[in-house]
Structure formats: C-alpha cells, structure tokens
1. Could you go through the range 36-50 and let me know if any residue there is polar (S, T, N, Q) and free of Cβ contacts under 8 Å to residues at least 40 places away in the same chain.
2. Taking into account only those residues within the range 219-243 that are out of contact with any Cys (no Cβ under 8 Å at 6 or more places or on another chain) and crowded, with 20+ Cβ neighbours inside 10 Å, which is nearest to Leu146 (Cα to Cα)?
3. When the residues of the range 395-419 are narrowed to those that are hydrophobic (A, V, I, L, M, F, W, C) and in contact with a helix residue (DSSP H, G or I) (Cβ under 7 Å, 6 or more places away or on another chain), which ends up surrounded by the most Cβ atoms within 10 Å (Cβ to Cβ)?
4. Checking the condition among the charged types (D, E, K, R) and either farther than 26 Å from Leu263 by Cβ or in contact with a Gly (Cβ under 7 Å, 6 or more places away or on another chain) (or both), which residue from Glu176, Glu195, Glu207 passes?
5. Arg56: on the phi < 0 side of the Ramachandran plot, basic (Lys, Arg), open to solvent by 70 Å² or more (accessible area, probe 1.4 Å) and touching a helix residue (DSSP H, G or I) at 6+ places or on another chain (Cβ under 8 Å), yes or no?
6. Can you tell me which of (1) open to solvent by less than 60 Å² (accessible area, probe 1.4 Å); (2) among the β-branched types (Val, Ile, Thr); (3) free of Cβ contacts under 8 Å to residues at least 40 places away in the same chain; (4) within 21 Å of Ile370 (Cβ to Cβ) is the one Val430 doesn't meet?
7. Could you tell me which of the residues Ser264, Ser292, Ser268 is free of Cβ contacts under 8 Å to residues at least 40 places away in the same chain and surrounded by 19 or more Cβ atoms within 10 Å (Cβ to Cβ)?
8. Scan the range 185-204 residue by residue and report those that are farther than 12 Å from Cys250 by Cβ and part of a helix (DSSP H, G or I).
Amino acid sequence: MSAESAVYEALVYACSQNAQMLKPAEQKLAEWEVQPGFHLTLVKFFSDQSIDANVRWMASLYFKNGVLKYWRKNAPNAIPLEEKAEIKKMLLMRFNEPVQQIAVQIAVLIGNIARFDCPHEWMELVPTLVEVVQSNDLLVQQRGLLVLLHVVKVLASKRFQRDRIHFEDLTNKLFEFILNLWDAFTQLFFTSIQEHASLDLCATNLEKAIISLRILKKLTIYGIAAPHLHPKCMMFIRVVFQRLKELLDCRLQVKQIEKQQQLSDKLSEQVEKFIIKHMKFLNLFFDTHPASFVEFIPAAFEFSFNYVFHEGTNLIFEDNVITFPNFAIQCLNLIKGILSHNLIHVDSDKEQIIIAAKNEFFTPERLSYIFEKIIMHYFLLSYDEFELWDCDPESYVSDEGGDSWKYNLRSCTEAFYMILFQKYSPMLIVELQKFILKSQSITLTEASDISDLLIKDSIYNATGLAVFNLFDEVSDPNYCNKFLYIV
C-alpha cells in the first residue's frame, strides 16, 4: 500500500463512529504528522472534490492543526520549506469549494499560514485573492472573499509594531477596493429584492455584502491610525447611517415577502444580522477612534433617537412589542457610550463640539419625551419576563456582571437611563416626580387592569435606579418631607 493510500484509509477510519476503527486511525495520523510530505498529502485530499466530503473535512482539520504546530521555522519537526512552497501553491489554485464547512476550514487555515508568512514569504497571496474576488463566477467570488476575510482578521490581530505598519500598508492598498465591493454587493441585494429575484440570489448577494463589511471593519479599526484624516474612511462612516435606514426598510419588505410566500424567515434574519453588524461597527469605531467620530455625533443621536424612541419605532415595534431588540440595544449602547465618554483623548476644540452637540440634542422637551418612552415602553415588564419571573426567579434577577448589560435590552436600557439621569438630573428629577405622583393616583384592586400594575412597577423601578442621584434632594430639609410624601 502506498503512503497516500495509507493516509487516505486512516482518514476514512478517523471519520468512523466505531471506536475500534477510530482510535488506531488517530494514532497513525498522530505518528505521521511529523513525517515530510504528510501535510502536502492532506492538501491533495481536501482539494480533491471527488473524495467523500467527510474525509475531505477531516483532512482539512488535521492540516489546520498541523499548521499551528509545525509551520513555524523553528518548530520541532517543522514542515520543510519545499513542502511549504508546494502547499501554498496548491492552496491558491482553486476557489470553487462547493461544501461550506470545508470552505470555512480552508479559509481559516490559509489565514493561519498568512500569520506566519505574510507579507514577505507569501507575497502573491493578497494579489491573488483580489483577482479572485473580481471573478465572474459567483461561487469563486464568494470563496475568495471568505479567504480574504480570514487573512485580514489574522493580520489585524498581530500586535508587534512592524506587523501594525504592514497592516496599515495593506489597508491603504485594499480599503477603497473593499469599500466599493461592500457598496456594490449591498446595492445588488437591494436591486434583487426590488426585482423579486430568487431568494437564493438575494441571500448570495447579502452574504457577500456581509463579508465585505466584516473586512472593512478590520481595515478601519486596526489599519487606519487617524480615520478623520482619511477621506474615504469618513465617507464610509457617513454612508453607513444612510445604509442602515435603507436596510431597516428592506427588513420589513423581506418579512412581508416571506409571510406572503409562507417561507422561513432565514433571509430576514440575515438582513437583521447585516444591520446589527453595521451598528456594532459604529459602536466599535466610536470606542476605538472617538476623536474621529466627533463629526458624526449629531447624526448618531438623531438616528438612534428616531428609531428607538420616535417616528422610526414602527420599524422595530409591532403591537407595542419590540420585534428587533438587538437593534435597539446597539442604538442605546451608542448613545450611552457618547454620553459617558470621558473625553481624555480628545483635544479641547473637539471636546467643545461634543458638549455643544449634547446640549443641542438633549433639550428639556426631548429629555421629557425620552423619559416617558423609557418608563411607558422599555421598563414595562414583557410577557417573556413574566414567564421567566414565574418559572425561574433566580435567572430573572441574576446579573453576570462585566459587560453583560450590553447584550440585554432591559439591562442596557437601565444603564442608559442611569447615565442620562446622572448627566441631566435637575431636569429628570422633575420628570420623575410627575410619574411618582401618577403612580400614587393608581389604586390597585382585584379588578384593576394589568397595565396599571405594570405602569406602577415601571415607575418604582425608575425611582429605584435613580436613588443615588436623588440622595441630595432627599437630604435637603426643605425638600425631604415633600419627596418622601410623594414616594
């Protein structure tokens, strides 16, 4: 039996559920992984689309693990240079992998090799990927984008100064190209929806737009030191707000199509995923480059306010029940992040711009409106929360700490409410008094409507969360008796 046949047989047995076949196969593969030519043989197997998919996936898995252990030049039993060269050549020959799971494995392992060899020892990698992404073959194009994503992710994670310089150089070369891809694929998705194209084609265009956005995020956050000095980058951030509005409208349209044709909500879920990735990008961009985000603060305030509290709520609410909580969470996190930012790394001129933007946006009328929406909508207990409270009270009250509040609508609303109360306590204390008086006017009896109980609970919750800011008010002798009477 030849060496390749023996490796193939071991891979077949390694896919077996029979322990008597599985264990010996794993032992043989572990012995062979230090032998020259073994990893090249694995590449040949997972590249051969005529072989069973399970065997190919197993070969890609073993190869990926081998790269992590033996690709470094100074690693014990390192893969020979000649074998490495042949492997890299084979990996760039085909991008038409039909099996998604194997395609992801190949993309990840190419990224792992890029960590060691890019840019100097694999100079043809990025130019080849750029060429592949421009292919007319939809599958080849998608696979090329997937590989490029994992390569960029790996290179963005390197932290040595020389590696950061190399990544900034790569960003300068790639940014405009990927920006155009993101815009083109997104527009193709909108067009395919408007023209009632097949949902498979819509999903394909959307997937490529999502991958392009993920690449752009890495390039923008880690490859551009001063985004405000990069015109294309600032244009990208500006366009993101408009793109989000279009996607939110498109989400409703896709949901209507799925409902009319009695289809699963898979495509609408992908649209929601795309929206959330845009919002997460905005939050991360502000956290990483606050000075560069300054000019977008008014737009961020208006956008988030409109969709979470004002006219745009019809896109995320249905029958007074929020249908897109993850979007509301990201909007609230963005406003809270801007409100609570300490401005340490922002120069005095931009600091004044931020302060002016906050004062212009958070007028007494708008604060009153937001306060009412929080209490009358977001603090009201939902049916699911009632169920959890009744069935598992410990889980209902559990607080995991850390940043867990960023991923739960009630928790992030409470965090936003507290920072808002902290920043604008004189005006919000007056608003809170009004609601406390309202709660006193609600008399609960056995015949009372459940809505009265929910409103009363919401007001009490708002009062409890603001108690730290109410301390000075309650301590004031001239005010104490009046306030305690209200409570």
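The values are calculated or read from the model by the stated rules, or taken from the named source; none is laboratory data. Keep in mind that this is a model prediction, so the values were computed, not measured. Here the Cβ is made from the backbone with ideal geometry for all residues, glycine too, and neighbour counts use every protein chain on show. Note: accessible area is taken over every heavy atom of the protein model, side chains too, but ligands, DNA and RNA are not part of it. Shrake-Rupley method; radii C 1.70, N 1.55, O 1.52, S 1.80 Å.
1. yes
2. Top of the filtered list is Leu219.
3. So the residue we want is Phe416.
4. Glu176
5. no
6. In the conditions (1) open to solvent by less than 60 Å² (accessible area, probe 1.4 Å); (2) among the β-branched types (Val, Ile, Thr); (3) free of Cβ contacts under 8 Å to residues at least 40 places away in the same chain; (4) within 21 Å of Ile370 (Cβ to Cβ), Val430 misses (1) alone.
7. Selected residue: Ser268, the only one of Ser264, Ser292, Ser268 that is free of Cβ contacts under 8 Å to residues at least 40 places away in the same chain and surrounded by 19 or more Cβ atoms within 10 Å (Cβ to Cβ).
8. The answer is Phe185, Leu188, Leu199, Asp200, Leu201, Ala203, Thr204.
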